[in-house]
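Notes for the one structure printed next.
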Amino acid sequence: MNKNIKALLLSAFLLPGMGQLYKGEKVKGAIFLLLVNIFVLASIFIVLKKMGAFLLTAKISGRDEALKLLESITASSPEIGWLLSGFAILWVASVVDAAISSKKQDKIDTN
């Protein structure tokens, strides 16, 4: 199996940045891994922080008040969508980068 295809599969199905690490592009792979983890963890943190208020309202005030709060949270929290969009863009960029063969890498492979 071609090295670029293996790298593409690693980045697409395992974790963005793994394909770059497999191809020997350590700095690029580490950057992808770091950025993807920052975006995902920030999104999870924000969602969990907002869910605390939702669950507390559901327990104290009931279902109807909790649903009203949930609607206001989703309307006033675009940062979650932005973070997840950034994550998706990084994932696609990682897969495309892993699939594309660099001229330097081709030179190394032919020697």
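The values are calculated or read from the model by the stated rules, or taken from the named source; none is laboratory data. Computed from a prediction, not measured in an experiment: that's the story for all the values here. Ideal geometry is used to build each Cβ from the backbone, glycine not excepted, and the neighbour counts take in all protein chains shown.
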Taking interchain pairs and intrachain pairs at least six residues apart, which have beta carbon atoms under 7 angstrom, with the first residue in the stretch 1-27 and of a type in the set (Ser, Thr, Tyr) and the second not in a helix (DSSP H, G or I)? SER11/GLY17
Selection from the stretch 41-54 of residues closer than 29 Å to LEU8 by Cα and crowded, with 16+ Cβ neighbours inside 10 Å yields ALA42, SER43
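Okay, residues lined up against (1) exposed (fewer than 15 other Cβ atoms within 10 Å of the Cβ); (2) under 24 Å from PHE39 (Cβ atoms):
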residue: LEU56; (1), (2): yes, no
residue: ILE60; (1), (2): yes, no
residue: ARG63; (1), (2): yes, no
residue: LEU67; (1), (2): yes, no
residue: SER76; (1), (2): yes, yes
residue: SER85; (1), (2): yes, yes
residue: TRP91; (1), (2): no, yes
From LYS3, LYS23, residue being farther than 24 Å from SER77 by Cβ, surrounded by 20 or more Cβ atoms within 10 Å (Cβ to Cβ), modelled with pLDDT under 90 and touching a Lys or Arg at 6+ places or on another chain (Cβ under 8 Å): LYS23
Considering each of PHE45, PHE54, PHE32, PHE13 in turn, give the residue that is under 14 Å from the mean Cα position of the chain (by Cα), in a helix (DSSP H, G or I) and farther than 14 Å from TRP91 by Cβ. PHE45
